[in-house]
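Read through the structure below, which is laid out as structure tokens, and then see the notes.
The values are calculated or read from the model by the stated rules, or taken from the named source; none is laboratory data. Not measured: the values here are computed from a predicted model. Neighbour counts are summed over all protein chains in view; Cβ atoms, including those assigned to glycine, are modelled from backbone coordinates with ideal geometry.
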Amino acid sequence: MRKLLKEERGFTLVEMLLVMLVITVLLLIMIPNVTKNSSIIGDKGCEALLSMVDAQIQTYRLDKGSEPATIDDLDSPEYLQDHFDEDGTLNCPNGSTVTIVNSKAEADVGL
């Protein structure tokens, strides 16, 4: 039994350092790609939100018979209430504020 325990070997310090080096290189390659793609994801999310707001503008027009004057008109349970912030603004994932201009949803530059 003692003979079996003596023959077991663990990882050496050099092997552990090589594994850490490989992990570090992989992280250095992945992190810039993730940050670059996050802005693209935010822009695509904003485009999707604008399409949804445009659809809700058409629904409002069918329900009320007139265009919504401001984005605040869509802040009700049957339209977009769940998407408004606590302060009453509708923001895109990229930080832009959504407004209605000429019966179309537009994203203004956010903070």
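What to note about this one:
- Restricting segment 88-111 to residues that are surrounded by 13 or more Cβ atoms within 10 Å (Cβ to Cβ) and of a type in the set (V, I, T), the residue that is modelled with the lowest pLDDT is T89.
- Criterion: modelled with pLDDT of 90 or more, exposed (fewer than 10 other Cβ atoms within 10 Å of the Cβ) and in a helix (DSSP H, G or I) - qualifying residue of L5, L27, L18: L27
- All told, D85 falls short of being at pLDDT 85 or above, touching a strand residue (DSSP E or B) at 6+ places or on another chain (Cβ under 8 Å) and of a type in the set (D, E, K, R).
- Out of S66, S39, one residue alone is surrounded by fewer than 17 Cβ atoms within 10 Å (Cβ to Cβ), among the polar types (S, T, N, Q) and more than 15 Å from the chain's Cα centre (by Cα). It is S66.
- Taking the criterion of being among the acidic types (D, E) and more than 18 Å from the chain's Cα centre (by Cα), the residues of segment 69-91 that qualify are D72, D73, D75, E78, E86, D87.
- Some residue of segment 34-54 being of a type outside the set (K, R), in a helix (DSSP H, G or I) and touching a helix residue (DSSP H, G or I) at 6+ places or on another chain (Cβ under 6 Å): no
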